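Inspection log for the structure reproduced underneath, given as structure tokens.
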Amino acid sequence: MSGWAPPSPFGSDYFDDVLARRFGEDGAGVRRFDNATDAIFFVCAAWSAWSVHADLLRPYLWVVGAIVALEITRYALDFAKFGREAAYHAWSAKAWGLTLFVALIALMGFGRASPFVALALGAGVVADVEGLAISLVLPVWTHDVKSVWHAWRIQSGWRPGA
């Protein structure tokens, strides 16, 4: 696998994926724990950002609330339909992670929220809506679904690498 690896935490996230695949340890359970670890990291980062720059983040609380509602809806749908949480690692979620990283650098490093926080939160809405769409399209639980287009292909009987 080749490609560009953004700086930490994305660098480590990228390389742990590469190593897991290389050693054949990239199964569904590992992917689910990877998602949980990412979520915990960003919740902690958000708490830290709020603790330092609540004044800059207050205007965005309504979007944060929408994302939290979308996340809860996604988890509820995934558990109702599949009996477990999703682990799609979709491109939109990766874009969201990258924009969150940039927003955190701008906020914590330079005390700037605009336009980076708005961009990250917009990417979060897109990623969660796509995650919901993927869950609605897939007939059975599947991990590592890169987009809703890929979910449609899987639903139609296509399998990656086939």
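Structure above, values below:
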read-out: Criterion: aliphatic (A, V, I, L, M), outside any helix (DSSP H, G or I) and closer than 26 Å to Trp141 by Cα - qualifying residue of Ala76, Ala86; value: Ala86
read-out: Filter pass, Ile134 being more than 24 Å from Phe42 (Cβ to Cβ), in contact with a Ser or Thr (Cβ under 9 Å, 6 or more places away or on another chain) and surrounded by 13 or more Cβ atoms within 10 Å (Cβ to Cβ); value: no
read-out: Condition check for Trp62: under 15 Å from Ala45 (Cα atoms), part of a helix (DSSP H, G or I) and aromatic (Phe, Trp, Tyr); value: no
read-out: Identity of the residue in the stretch 74-111, among the basic types (Lys, Arg) and surrounded by 15 or more Cβ atoms within 10 Å (Cβ to Cβ), that ends up farthest from Val43 (Cα to Cα); value: Lys81
read-out: The stretch 113-137: number of residues that are farther than 19 Å from Asp34 by Cβ and either part of a loop (DSSP other than H, G, I, E, B) or in contact (Cβ under 8 Å) with a residue 60 or more places away in the chain (or both); value: 7
read-out: Subset of the stretch 101-112 that is in a helix (DSSP H, G or I) and touching a residue at least 24 places away in the same chain (Cβ under 8 Å) - its residue that is nearest to Arg84 (Cα to Cα); value: Phe101
read-out: Condition check for Asp17: in a helix (DSSP H, G or I), of a type in the set (D, E, K, R) and at pLDDT 85 or above; value: no
read-out: Filter pass, Asp55 being among the acidic types (Asp, Glu) and closer than 21 Å to Ser147 by Cβ; value: no
read-out: Subset of the stretch 145-159 [of a type in the set (Lys, Arg), assigned to a loop (DSSP other than H, G, I, E, B) and surrounded by 10 or more Cβ atoms within 10 Å (Cβ to Cβ)]; value: Lys146
read-out: Looking only at the stretch 33-50, and only at residues there that are in contact with a helix residue (DSSP H, G or I) (Cβ under 9 Å, 6 or more places away or on another chain) and modelled with pLDDT of 85 or more, the one that is surrounded by the most Cβ atoms within 10 Å (Cβ to Cβ); value: Ala49
read-out: The listed residue being at pLDDT 90 or above and not charged (D, E, K, R), out of His53, His89; value: His53
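The values are calculated or read from the model by the stated rules, or taken from the named source; none is laboratory data. Bear in mind that the values here come from a model prediction, so they are computed numbers and not experimental data. So basically every Cβ, Gly included, is an ideal-geometry build from the backbone, and we count neighbours across all protein chains shown.
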